[in-house]
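The values are calculated or read from the model by the stated rules, or taken from the named source; none is laboratory data. It should be emphasised that the depicted structure is a prediction, and the values quoted were computed from it without experimental measurement. Quick reminder, even Gly has a Cβ in these numbers, built from the backbone with ideal geometry, and neighbours come from all protein chains shown. For accessibility, only protein heavy atoms count, side chains too; no ligands or nucleic acids. Shrake-Rupley method; radii C 1.70, N 1.55, O 1.52, S 1.80 Å.
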Amino acid sequence: QEQLVESGGGLAQAGDSLRLSCKAPGRTFGSYMAWFRQTPGKEREFVAAISWSGSNTVIANSVKGRFTISRSKPKDTVWLQVDSLKPEDAAVYYCAASMTYYGEAVEGYTWWGQGTQVTVSS
C-alpha cells in the first residue's frame with residue numbers, strides 16, 4: 001500500500017519553529033494534500049490543506065498566522081512550516097493525500113503517513 005512519509009518532527013521549545021516534510025510516492029502526483037494532528041484520546045484534527053497546484057490553501061483557525069503549508073514544484077513534497085510553537089501544538093502530525101478531496105474532513109483523504117511526533121517544552 002502506498003504511503004506518505006513524514007519527517008521533521010522532534011523536540012522544540014515554545015516559540016521555536018519547525019518545518020515538517022511529507023514526501024509522496026509517484027502515484028499521488030496531482031493530489032490534494034493536507035496535514036492533520038492528533039493527541040492521545042482526541043480526534044484527529046485538521047491543520048492545513050493545499051491544492052495540487054499549490055495556489056490554494058486552507059489553514060485551520062486554531063493555527064492561522066503561525067502555520068504555513070506549501071508544496072514543491074515537482075509536487076511530490078509538501079511542507080508544514082510551524083512558527084511560534086505553543087505547548088498545545090504538541091501532537092503527532094500526519095500527512096494525507098486525496099485525488100479528489102480538498103478540505104478538512106479526515107474521511108476525505110485516501111493516503112496517510114505514519115506521522116511525525118512534535119513535542120513542545122514550555
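The table for this structure:
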item: Average accessible area per residue (Å²) across the chain - probe 1.4 Å, nucleic acids and ligands excluded; result: 51
item: Partner lysines for LYS64 [C-alpha distance under 16 Å; skip if fewer than 8 residues away on the same chain]; result: LYS86
item: Surface share of carbon and sulfur [accessible, 1.4 angstrom probe, percent] for the range 70-122; result: 51
item: The chain: most fluctuating residue of LYS86, LYS23, LYS73 per GNM, C-alpha cutoff 10 Å; result: LYS73
item: Per residue Cα convex hull volume in Å³ - calculated over the range 70-113; result: 100
item: Over the chain, relative contact order from alpha-carbon pairs under 8 Å, at least 6 apart, %; result: 36
item: Cleavage-rule hits (GluC sites (Glu not before Pro)) in the range 37-122: DSSP loop, at most 14 neighbouring Cβ within 10 angstrom; result: GLU43
